[in-house]
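Derivation of every value follows stated rules applied to the coordinates shown; laboratory data play no part. None of these values were measured; they are calculated from a predicted model. When we count neighbours, we look across all protein chains shown, and the Cβ atoms used for this are built from the backbone with ideal geometry, even at glycine.
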Amino acid sequence: MNSIEPETCKQPSPFHPDNESAYQQWRDRKLENYPEDLGGLVVEIDDPRNLTQAEFDALLQRARKTNMAIYAGKTGSDPDPQIPLAMAQQFGLQALNKNWLADDSGLTSLTVRDEGVRKHYIPYTNRAINWHTDGYYNIASQQIQALNLHVVQRAASGGENALLDHEIAYILLREKNPDYIRALMAADALTIPARIEDGKVARQEEPGPVFSITANGSLHMRYTIRVNNVIWADDPLTTDALACLKDILEGDSNYIYRGLLQPGMGLISNNVLHDRAAFSDDAQHKRHYYRARYFERLAGTDLFADD
Ligand SMILES: [Fe+2]
């Protein structure tokens, strides 16, 4: 259980902190020609429901490099749920994580809600959401591997997203101190406390690593920068590693992409680190993002996928 090297992985994973030469080779290749800004991720497409081979290849190439890609389609503010669903299917994503606030389609509509239960949750307000990966509070067997967003409408002002490839966060930390990686791979690095309702445990506490290696040898990250309602391992290395990561996320690294997505645009990603700026709606611009979370990674983006 505590092994960080999956037995099914055929090749030595560069993400294992002891595999220095595999890591260095992977890192050098990863950073070569790495996109310098958000524009490097964007692919203009026609119909997101039916990509041409060239459009698909361009998106896949970016996703393989950075774990994410942005499509700019021509559907504008068309709210058809098939747009993000069909996009995801073309990248092999089937196992949608339907949370209890999801739409009937299984997508989640992120909009400002003034009534009902949703208004109590930050995603359904116009407030900023700080750095995280999605589903960090999920149990170990239900970690989110892919996160997609599709923009139906943007806000009148604000609502920009920042994005950081979690493999880049890994590299920046490992370059600083490989022991940071060991600390963040510990099985109890980040614990979600038990939820108590009416004096009973409604959900067990959920310990887990920040960085882990999937059965296919890819890197997964489970993280939130928030400090409330999470329990971090209380040791000096973990504390230093978290401070280093926070400095990276709150600094001006060229690897952090920032931008405002327009209606008809969307993100496909292997659940990269992201945040959201606060925003203001008006009558014509009520921000509406579809969010889809999947238990699989984007097909063809695994570390050892054929070149
Ligand atoms: Fe998120």
### Task
Take the alpha carbon atoms of the stretch 86-118, find their center, do the same for the stretch 180-242, and report the distance between the two centers in whole angstrom.
25
### Task
Evaluate the relative contact order of the chain (contact order divided by residue number), counting alpha-carbon pairs under 8 angstrom at least 6 apart; express in whole percent.
32
### Message
So for the stretch 20-157, averaging the separation of alpha carbon pairs under 8 Å that are six or more residues apart and normalising by length, what relative contact order in percent results?
### Response
17
### Cα pair distances of the stretch 235-307 binned at 5 Å [whole percent]
3, 9, 15, 16, 16, 19, 13, 6, 3, 1, 0
### Task
Would you mind computing the Rg to Rh ratio of the stretch 193-255 from its alpha-carbon coordinates, Kirkwood style for Rh?
1.06
### Query
What does the highest-first list of 249-257, 212-220 look like by mean Cβ count within 10 Å?
212-220, 249-257
### Task
May I ask for the Kirkwood hydrodynamic radius of the stretch 168-304, worked out over all distinct Cα pairs and given in angstroms to one decimal?
17.6
### Alpha carbon Rg of the stretch 63-163, scaled by the compact-globule rule 2.2 N^0.38 Å
1.13
### Summary
Over all directions, the stretch 165-219 yields a Cα convex hull whose mean projected area in nm² is 4.9
### Task
Provide Trp131, Trp100, Trp26 in ascending order of the number of other Cβ atoms located within 10 Å of each residue's Cβ, fewest first.
Trp100, Trp26, Trp131
### Query
Tally Lys and Arg at +1 and Asp and Glu at -1 over the other residues with C-beta under 15 Å from the C-beta of Gly208: what net charge comes out?
-2
### Query
Considering the chain as a Gaussian network with a 10 Å cut-off on Cα pairs, which listed residue, Leu164, Leu173, Leu184, attains the greatest mean-square fluctuation?
Leu173
### Query
When the distances between all Cα atoms of the stretch 9-92 are binned every 10 Å from zero, what whole-number percent does each bin get?
15, 37, 26, 17, 5
### Query
What share of all Cα pairs of the chain, in percent, falls into each consecutive 10 Å distance bin?
6, 27, 36, 24, 7, 0
### Task
Mind giving me the nanometre distance, one decimal, between the label points for Asp235 and Arg258, set 7 Å out from Cα along Cα→Cβ?
3.6
